[in-house]
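Have a look at the structure below before the remarks.
The values are calculated or read from the model by the stated rules, or taken from the named source; none is laboratory data. None of the values given here were measured: they were computed from a predicted structure. Positions of Cβ are generated from backbone atoms using ideal geometry, with glycine treated the same way; all protein chains shown enter the neighbour counts. Each accessible area value is taken on the protein alone, full model and side chains, heavy atoms only, with ligands, DNA and RNA left out. Shrake-Rupley method; radii C 1.70, N 1.55, O 1.52, S 1.80 Å.
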Amino acid sequence: MDSGSTMPRDERPAGRWMGALILFILAAGIVSFIVAAHIWWLQPLASTQGAAADEMFNAILVATGIAFIAVHLFVAIALIRYAAYGRRPAAHWHEHLGAELTWTLVPAAGLVILAILAEIVWARVYSPPPPNAQVVEVTGRQFLWYVRYPSPDGKLARTDPKFMSAGNPLGLDPGDPDSKTNVVVTNELHVVNNRPVRVEIHSVDVIHSFFLPNFRVKQDAVPGRNVSIWFTPDRAGAYQIACAQLCGVGHYTMRGNMVVETDQAAFDAWLATQGQH
C-alpha cells in the first residue's frame, strides 16, 4: 500500500456511543411521560362532546408515540450496526428505495387518517345545537367574565357600546324591555345537568379564550364578533372557568366558577336569588 494513503476509518465505536445516547434519550422520554401523566393530565371529563375530543387526543398521542419510539430505535440501530469500517461504507437511504417509500408513505397515511378523524370531531363540536339548548352569554373583559342569562321569555336584550357604563358594563339597550329582566353576574356560570347549553361568546377589549377544561370546551372571544359553541354537561358538580389566552398583566386572575346543577328546578332556584340588571 502506498505510504501516502490512509487506512479506512473505523466508525463503529462512534456509532455505538451515538446509538447508546439516542437509546438513553428514548428511555428518558418514555419515563418522563409516564411520570408527567401521573402528575399532570386531563381534568375529569364532564360532558358528552368531550369524549370525542379525548378520543382524538388519545389517537394523536398513540400515533406520535409510536413514531417517536420507531424513529429513535431505527436511528440507534442504524448507527450501531451500519457504521462504516474497513472497506464497508455506511448504509445510505438512497440505496434502499423500499425503505424510503415505507418511511414516507406510512407517516403520510397516518396524517391523512388523523386529519379525517379531526374533521369528524370538529363537525360534531360545531354542529347546530338542539332546539332545547339553554342559552347563556359569556363576555370576556380584562380581567373577568360577565355571564348573562336571558329573560323568562328566553330573549337576550339588545346591546350597543354607546350604552356601556360602570353600571351597564355590557351596554344593554335600556329601550329593550328584556334589559330589565336579563340577569348579569360576574365569574359565575350555572347550567343544568344533561341539558345542552349554547354559549354565545364575546369580548369587549382584547382576545380572550373561554376555557372549560372538564368539558373540553375552548373558544376564543374576539372583540366585535359573536361566536357560538355548545356542549352537554353530564356530571353535576362545581368546576372552573379559565382564560387560555394571554390577555394582559392580570390574565392569571381570569378565573370563574361553573356549577352544573342537578336539574332545572335547582337552576331556577339559584337564578331567582341573583339580582336582576
Name the residue that is most open to solvent (accessible area, probe 1.4 Å), counting only residues in the range 210-248 that are free of Cβ contacts under 8 Å to residues at least 40 places away in the same chain and within 14 Å of the chain's Cα centre (by Cα). LYS218
So which of THR253, THR273 ends up being open to solvent by 50 Å² or more (accessible area, probe 1.4 Å), β-branched (Val, Ile, Thr), free of Cβ contacts under 8 Å to residues at least 12 places away in the same chain and over 16 Å from TYR126 (Cα atoms)? THR273
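Residues are listed down the side, and each one gets a yes or a no for (1) touching a His at 6+ places or on another chain (Cβ under 8 Å); (2) over 30 Å from PRO169 (Cβ atoms):
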{"site": "ALA109", "(1), (2)": "no, yes"}
{"site": "VAL112", "(1), (2)": "no, yes"}
{"site": "ALA115", "(1), (2)": "no, yes"}
{"site": "PRO130", "(1), (2)": "no, yes"}
{"site": "GLN134", "(1), (2)": "no, no"}
{"site": "THR139", "(1), (2)": "yes, no"}
Selected residue (only one of VAL135, VAL199 is β-branched (Val, Ile, Thr), at pLDDT 90 or above, touching a Lys or Arg at 6+ places or on another chain (Cβ under 9 Å) and not in a helix (DSSP H, G or I)): VAL135
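One line per residue, one yes/no per condition, for (1) open to solvent by 70 Å² or more (accessible area, probe 1.4 Å); (2) modelled with pLDDT under 90; (3) under 18 Å from the mean Cα position of the chain (by Cα):
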{"site": "PRO44", "(1), (2), (3)": "yes, no, yes"}
{"site": "SER47", "(1), (2), (3)": "no, no, yes"}
{"site": "ILE60", "(1), (2), (3)": "yes, no, yes"}
{"site": "GLY65", "(1), (2), (3)": "no, no, no"}
{"site": "HIS72", "(1), (2), (3)": "no, no, no"}
{"site": "VAL75", "(1), (2), (3)": "no, yes, no"}
{"site": "LEU79", "(1), (2), (3)": "no, yes, no"}
{"site": "TYR82", "(1), (2), (3)": "yes, yes, no"}
